[in-house]
Amino acid sequence: MIAKRLGAALAGRSMWMKLKRKYDVDDGVYVLLMPEDDLELNEHALRHIDDLTAYRKARGVVILTDRAWVLENAGAYSDKILALDEVTEREIDNLLSFFELYAFTERLLVVSLTKPFGNKLHKTLGAQGVTKEDLVCLCIFLIRDWTETERGV
Amino acid sequence: MDNRSREILRRKLTRLARRGLLRDKKILLFGASFFSREVKNCLSELGFAIDGVIDNDSRKIGIACMGMRVQRPEDALLPYDDGFVVLILSGGFYREMTRQLRLMGYSENRHVFVLNFKIDESPPVMAYAAARTIRGNAAYRKLMQGMPEKSVLFIAPYTGTGDIYLIGLFFREYLRRNGISEYVFVVVSGACKKVAEMFGIWNIVVVKPAVADDMIHCRCFLREDWPVVVLNDGWLGEPSQWLRGYKGLHFEKVFRRFVFGFDDSVPFALPPKMDCREETDALFLKHGLKKGETVVLSPYSNTLFDLPGDLWRRIVEHCKGLGYAVCTNCAGASEKAIAGTEAVFFPLSLAKAFLDAAGYFIGVRSGLCDIISASSCKKIVLYEKDGFFYKCSSYAYFGLARMGLCGDATEIEYRDDIREGVFKEIKDALRPREVN
């Protein structure tokens, strides 16, 4: 079992290294992995890309997804999207496997309430009025000064 | 901060000190955070003090952090000055921070030192992570070997005794609701074990902190549906930690809701009362203390702040002027009694009974405050004003009344410029009590 998982992680690493070289990730780029069909979650993520890049002083973001809606609509949300790459479900799983082995970078942000494995954000939704937008901004994008009253719709 | 990160921090700082890289330098901490205190404590043990704190977070600029005003990096570091050393402890942002400093002329490993483990995609780091996973798998199997089929492994990975106390308040109900009768309860220190025992938790195993982390980590990597319950919100980078302090999610709430999945209707299950009169009487006799007229000082905290020494001395003088006996709770050789007081050690299992007998408690917020929260003594608890804990102040997150642990404590936020007001509040709270 461990060997199989390590194999997936190695494949994920290989994918990541190619991405790093292609987009010069180390020079201020964040990679958004968007593997979910959750429309509300995805919209919040796309709408806050500019907040993310401003807060992190980033050059821009690269989006990786296999979700049709994201591929068709993401470009309209921000001009900080440097690239929008379509990837397969298997590639997503391999990249997540590498991330589940260890959080090898802070530049990979997974737009999900359940992934990577062990992510408990889905359990926090609704507690004390916590919204998906809160979870995206605070817990996925780590915009520390986010408060719903100041930035929410 | 997880246990492994703490070990790495200490090792890196020790190495810097031994190489003379901090000598005669103006030391700045990059990041006014909960972790800053860890760095400051470690530097202090090595004989160094920090000269400033810088942060990019606009909310923190100008606030007090460990006795200093937080500054913007540009305001503190420009124009360029070779006499600065900047220490970074940020697993999540160290690359951005070093890049920002590099653009200002400060180079890594000369002016800028990263104190966290520099995680990257390199083969050695990946191999290290794989080795930890394998260790975690072995540790899990060894712990669960021989246990009945539906047994559960509970892991309390943090050394804080206050966490264990909170866990204890909900643990029995969690077992009942989930039909759990067989379990292994893992903690990472003897003190945590003692607190767990207060609640009647059994089959407690003490493991090294790294082992606890390895098991949690392995489960995530293998995506195994192991019957493991991690008794902490947001451990090892799990993202729900960033909700701490947001929308009223204080210490008790995050454990109640995110660790145990309970709503507000579940009451606390306090630890069973124990008859500790004999042990308590022995301690009072040994240290010459007075029942109902003893003030117990608790100046030490692993995670929060320190009150200045001269203020403690004034408190001691005032208490003695009221005719009270005064002692300092000292849990180890490194914890010295405040001048003019008796050093007293009492085991955590005795803490509530001891404080019930003493009558008064004055301490900085620590896990001990959770453990004695149900004591009948007059409790005066101090917090660092402007101390940030994730999304709120330390008081907002750890306040005993707010958590519902007790409604009779005097809880005071301290900052140097309001010390006289704080001292007055303490004096007002210290009124002679009727001896029961």
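The values are calculated or read from the model by the stated rules, or taken from the named source; none is laboratory data. It should be emphasised that the depicted structure is a prediction, and the values quoted were computed from it without experimental measurement. Positions of Cβ are backbone-derived with ideal geometry, glycine not excepted, and every protein chain shown enters the neighbour counts. Remember, those area values only see protein heavy atoms, side chains included, never the ligands or the DNA or RNA. Shrake-Rupley method; radii C 1.70, N 1.55, O 1.52, S 1.80 Å.
So the values come out like this:
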read-out: Tally of Lys pairs whose C-alpha atoms are under 23 Å apart, taken over chain A, 8 or more apart or cross-chain; value: 15
read-out: Rounded FRET efficiency, nearest 0.05, which uses the C-beta distance separating residue B:401 from residue B:51 and R0 of 35 Å; value: 0.45
read-out: Label-point gap, in nm, between residue A:40 and residue A:125 - each point 7 angstrom along Cα→Cβ; value: 0.7
read-out: Euclidean distance between Cα centres, the stretch B:403-420 to the stretch A:1-15, Å; value: 51
read-out: Pairs of alpha carbons in the protein assembly as shown whose separation is greater than 41 Å (percent); value: 27
read-out: Shape call, the stretch A:1-77: gyration tensor on alpha carbons, a/c limit 1.5; value: oblate
read-out: Average beta carbon contacts from partner chains per residue of B:117-127, 10 Å cutoff; value: 3
read-out: Most mobile listed residue (A:126, A:75, A:12) in chain A, GNM with C-alpha springs under 10 Å; value: A:126
read-out: Label-to-label distance, nm, for residues given as residue B:102 and residue B:177 (7 Å Cα→Cβ offset); value: 4.9
read-out: Cα centre as origin, Lys/Arg/Asp/Glu Cβ charges: the stretch B:3-114 dipole, Debye; value: 480
read-out: The stretch B:230-282-the stretch B:1-53 distance, computed between alpha-carbon centres (Å); value: 30
read-out: Protection-proxy order for peptides B:12-19, B:267-274, each taking the mean of Cβ atoms within 10 Å per residue, highest first; value: B:12-19, B:267-274
read-out: Overall dimensions of the stretch B:3-114 by Cα: Rg and Dmax, Å; value: 12.9, 37
read-out: Under 5 Å, built H, 5+ apart or other chain: amide partners of residue B:414; value: B:383, B:384, B:385
read-out: Table column - 3J(HN,Hα) (Hz), the stretch A:103-109, Karplus curve with 6.51, -1.76, 1.60, x for Gly and Pro; value: 6, 6, 7, 8, 8, 9, 10
read-out: Isotropic mean projected area of the C-alpha convex hull, the stretch B:123-259 (nm²); value: 8.7
read-out: Within the accessible area of the stretch B:277-429 (1.4 Å probe), percent carbon and sulfur; value: 50
read-out: Shielding by other protein chains, B:131-142, mean Cβ within 10 Å; value: 1
read-out: Taking the convex hull of Cα positions in chain A, its mean projected area over all directions (nm²); value: 9.0
read-out: Å³ per residue enclosed by the Cα convex hull of the stretch B:277-429; value: 106
read-out: Å² of accessible area per residue within the stretch B:277-429, as computed with a 1.4 Å probe and no ligands counted; value: 39
read-out: Between the stretch B:113-140 and the stretch A:82-110, the Cα center-to-center distance that results, in Å; value: 18
read-out: Charge context of residue B:338, other residues only, Cβ under 11 angstrom, K/R +1, D/E -1; value: -1
read-out: Ranked by how many other beta carbons lie within 10 Å on average, peptides A:103-113, B:136-146 from highest; value: A:103-113, B:136-146
read-out: Most mobile of A:102, A:23, A:55 in a GNM of chain A (Cα contacts under 10 Å); value: A:102
read-out: Count of Lys pairs (Cα-Cα under 18 Å; at least 8 positions apart or interchain) in the stretch B:123-259; value: 4
read-out: Most fluctuating residue given options B:32, B:331, B:374, as computed from a GNM of chain B linking Cα atoms under 10 Å; value: B:331
read-out: Where N is the number of residues in chain B, Cα Rg divided by 2.2 N^0.38 Å; value: 1.04
read-out: Area buried, chain A against chain B - accessible surface, total, 1.4 angstrom probe, square angstrom; value: 4300
read-out: Candidates per chymotrypsin sites (Phe, Trp or Tyr not before Pro) in the stretch B:10-102, loop by DSSP, up to 15 other Cβ within 10 Å; value: B:80
read-out: Lysines with Cα under 18 Å of residue B:385, excluding same-chain neighbours fewer than 8 positions away; value: B:40, B:60, B:424
